[in-house]
Amino acid sequence: GQNIDQPTEMTATEGAIVQINCTYQTSGFNGLFWYQQHAGEAPTFLSYNVLDGLEEKGRFSSFLSRSKGYSYLLLKELQMKDSASYLCAVRDDKIIFGKGTRLHILP
Amino acid sequence: GAVVSQHPSRVICKSGTSVKIECRSLDFQATTMFWYRQFPKQSLMLMATSNEGSKATYEQGVEKDKFLINHASLTLSTLTVTSAHPEDSSFYICSARADTYYGYTFGSGTRLTVV
């Protein structure tokens, strides 16, 4: 079966760093996505990892270990606008989403 | 490139009526599109995979007679919610397989409210 796990909620402080973890067990794997979603809006693409290692893009970085079925999204220099849900999703022949992590940023 | 337009963005309908949601790929051809549903404070759940020129593939638990999918052209897929009920109120989002390096792009979503 397909299983994607990530924490339900996290809280961090403005200016700090936060790491959101995702573990997956899926029948196939062709890449892992991270999306940001603000309430009432469609998801916004953040990153896509298909090979092991760290991909850095500005304040956001994403890491993948295929052998461990593990990924994380790292957000640096947190801003209030980063308060959102972060969705981990695995691509096989379609995209399957985890339940999402609601990130709360405190001033 | 790889833009997906979804329409309408919001719709309110009466219980028992049908609602059609359109998903268009604007600058590319999409042989495969996906329809998701998202209830409040929950993640996106895949409802069905829409293939141009053939029948859609529905996920387990999704009623194919209630959620009619038509993918008659390479740029348009439609989802019709038939005989809508309040429990069908949700956020519906389409996605298309595109020729970007990550392969998929999402529409902006449709907020359906059934009263």
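Comparing B:77, B:25, B:43 in a Gaussian network model of chain B where C-alpha atoms under 10 Å apart are linked, the largest mean-square fluctuation is found at B:43.
Backbone N atoms of region A:52-85 closer than 11 Å to the 7 Å Cα→Cβ label point of residue A:41 belong to residues A:81-85. Take the accessible area of B alone and of A alone, subtract that of the pair with a 1.4 Å probe, and the total buried over both chains is about 1600 Å². Taking every protein chain into account, the accessible area of region A:1-89 amounts to 49 square angstrom per residue (probe 1.4 Å). Cross-link reach is defined here as a Cα-Cα straight distance under 19 Å, omitting same-chain residues fewer than 8 places apart; for residue B:64 the aspartates and glutamates meeting it are B:22, B:52, B:87, B:88. Interface burial in region A:63-107 reaches 20 Å² or more for A:91, A:93, A:94, A:95, A:97, A:99, A:102, comparing the full protein assembly with the chain by itself; accessible area from heavy atoms with a 1.4 Å probe. Note on chain B: the C-alpha convex hull projects to 6.7 nm² when averaged across all orientations.
With 10 Å bins beginning at zero, the pair-distance distribution over Cα atoms of the protein assembly as shown amounts to 8, 32, 35, 20, 5, 0 %. Over all Cα atoms in chain A, the spread is summed up by Rg and Dmax: 13.1, 41 Å. For region A:34-76, the normalised intensity computed at q = 0.21, 0.23 Å⁻¹ comes to -0.69, -0.78 (log10 of I(q)/I(0), Debye sum over alpha carbons, equal scatterers, no solvent). Straight-line cross-link reach from residue A:99 at under 22 Å between alpha-carbon atoms covers these lysines, not counting any fewer than eight positions away in the same chain: A:68, A:81, B:41.
Rolling a 1.4 Å probe across the protein heavy atoms gives chain B an accessible surface of 50 Å² per residue.
How high is the relative contact order of chain B? Use alpha-carbon pairs under 8 Å, at least six apart in sequence, and give a whole percent.
Values: 297 pairs, mean separation 42.5, N = 115.
Relative contact order comes out at 37 percent.
Taking R0 as 35 Å, what FRET efficiency do you get between residue A:3 and residue B:85 from their Cβ-Cβ distance, rounded to the nearest 0.05? My answer for the efficiency is 0.70. Looking at chain B alone, DSSP beta bridges between its own residues are antiparallel in about 90 percent of cases. By the rule of a C-alpha distance below 16 Å, with chain neighbours fewer than 8 residues away ignored, the aspartates and glutamates paired with residue B:55 are B:63, B:65. Peptide A:38-44 has a mean of 5 when you count, residue by residue, the C-beta atoms of other protein chains within 10 Å of its C-beta. A convex hull fitted around the alpha carbon atoms of region B:5-66 yields 126 Å³ per residue.
The values are calculated or read from the model by the stated rules, or taken from the named source; none is laboratory data. What you see is a predicted model, and the numbers here were worked out from it, not measured in a lab. Cβ atoms come from the backbone with ideal geometry, glycine included; neighbour counts cover every protein chain shown. The accessibility values were calculated without ligands, DNA or RNA, using every heavy atom of the protein model including side chains. Shrake-Rupley method; radii C 1.70, N 1.55, O 1.52, S 1.80 Å.
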